[in-house]
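Scroll down for the structure; my scribbles are underneath it.
What follows is calculated from the coordinates using simple rules that are stated; it is not laboratory data. Because the structure is a prediction, the values reported are computed rather than measured. Note that each Cβ is placed from the backbone with ideal geometry, even for glycine, and that neighbours are counted across all protein chains shown.
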Amino acid sequence: MSKDSQMRAAINQKLIEMGERERLKELLRAKLVECGWKDQLKAHCKDVIREKGLEHVTVEDLVTEVTPKGRALVPDSVKKELLQRIRAFLAQHVTL
């Protein structure tokens, strides 16, 4: 395991232990709903299903098709806020 992987694992473990990971997930969910991301992605899923036909689309196909667009649709402001929260948490709780 590389040093980078070890550090990521340690940070993730600390986020889980302190309950911060769940708080960040809830914040992300709320922000994505607030900015309309969820509705946009839902509409994209419907378009993909309509285009390919319901009987020709598996969940795996849909995830593969929709994931890049889903990531691209996340507003920069949401990404920045989440990153700031993670940095603040690390500054307070982690000594690596």
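Helix screen, the chain: DSSP H segments with Cα axial length of 18 Å or more and mean Kyte-Doolittle hydropathy at least -1.0 are 3-17, 20-34, 59-73, 76-93. Calculate the FRET efficiency for residue 40 and residue 5 from the Cβ-Cβ distance with a Förster distance of 22 Å, rounded to the nearest 0.05. Step by step, r from the Cβ atoms, then E = 0.10. Multiplying the residue separation of residue 51 and residue 12 by 0.36 nm and subtracting their alpha-carbon distance yields 10.2 nm. Placing R0 at 30 angstrom, the Cβ-Cβ distance between residue 59 and residue 29 gives a FRET efficiency of 0.90 after rounding to 0.05. The orientation-averaged projection of the convex hull spanning the C-alpha atoms of the chain amounts to 8.0 square nanometres.
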